[in-house]
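The values are calculated or read from the model by the stated rules, or taken from the named source; none is laboratory data. What you see is a predicted model; the values in this text were computed from it and never measured. Quick reminder, even Gly has a Cβ in these numbers, built from the backbone with ideal geometry, and neighbours come from all protein chains shown.
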Amino acid sequence: MAHRRGGHPATAAAVVPAKKARKKQPVDPGPPSVPEPPAVAPLLASLSGVGRVWTILMPYTVEMLTSNQRLHHMAEYKITRRLRADAVQMITVERLPRLQRAAIFYVLHPRSISRKRDPGNWSPTVKAYVDGLVTPNPHRPLERHLLPDDDHEHLLGPNPVMGAPVVTGFARMSLVIVELTGP
């Protein structure tokens, strides 16, 4: 067969199949930990017409979405659906009222690894959270909860902020929701 392709028969037999690369086993980060709450005062300093403020530590999850991931669309959909459901759950747990305008800051609490972090890379996770806060049930899109819409007239942000790292477990995220009463 190698002779037909123009190669020498001895060289075709000498080809050794490459070994499959072994996947690294994920390191168990340990049990989930609760990070210290973010400092809210510096976030509020840049806003005008500040009303009530809620700081919500989102439920612990092993999988969050980042801008750097390359996932199959069904795997991404499953994670997005779970993140939206977590946000809907937090609406009822925290008893968030309906607001006309709000600013949202998302605070990333990364694992304590000594490297630089870019909290903006976690925006796909926050988008799923905000979609869950604004439209709790995707099958009934006209049923809004936190805000009438997540457009520029009703929502300022979400803006990324780095928080204190977690001691054990995977990264966590807090949402700081600020009611805006002024223009």
Quiz item: Given the structure, is L108 at negative phi, without any contact (Cβ under 8 Å) to a residue 12 or more places away in the chain, surrounded by 13 or more Cβ atoms within 10 Å (Cβ to Cβ) and touching a helix residue (DSSP H, G or I) at 6+ places or on another chain (Cβ under 8 Å)?
Solution: no
Quiz item: A171 fails exactly one of the following numbered conditions: (1) of a type in the set (A, V, I, L, M); (2) crowded, with 18+ Cβ neighbours inside 10 Å; (3) closer than 27 Å to P42 by Cα; (4) modelled with pLDDT of 90 or more. What is the number of that condition?
Solution: (4)
Exercise. Could you list all residues from the range 47-96 that are at pLDDT below 90, more than 21 Å from P119 (Cα to Cα) and among the β-branched types (V, I, T)?
Key: V88, I91, T92, V93
Practice problem: Output yes when any residue across the range 90-103 is in contact (Cβ under 8 Å) with a residue 24 or more places away in the chain, under 10 Å from the mean Cα position of the chain (by Cα) and in a strand (DSSP E or B), and no when none is. | Solution: no
